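Q: Got a structure here, written out as structure tokens. Questions coming.
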């Protein structure tokens, strides 16, 4: 999941984040990060579900009508 990061590296990152942000701000930071990732995934899923543009389908019908 984290590529080449092992347990010691993740622990060091967590400790540095704890020192920088403080114990009271760290849960808020995690929550906002989780919401951002969730929103990104939702936007990516929604973009896959969008229907084909009508102008493309109309262009194909006019080409077949000309033939």
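Q: Output the residue which, of all residues in segment 14-32 that are part of a loop (DSSP other than H, G, I, E, B) and surrounded by 10 or more Cβ atoms within 10 Å (Cβ to Cβ), is nearest to the chain's Cα centre (by Cα).
A: 25
Q: Looking at this structure, is residue 11 at pLDDT 85 or above, assigned to a helix (DSSP H, G or I) and touching a helix residue (DSSP H, G or I) at 6+ places or on another chain (Cβ under 9 Å)?
A: Taking the combined requirement at face value, the residue does not satisfy it.
The values are calculated or read from the model by the stated rules, or taken from the named source; none is laboratory data. Please read these numbers as outputs of a predicted model, since none were measured by experiment. Don't worry about glycine lacking a Cβ; one is built from the backbone with ideal geometry, like all the others, and counts go over all protein chains shown.
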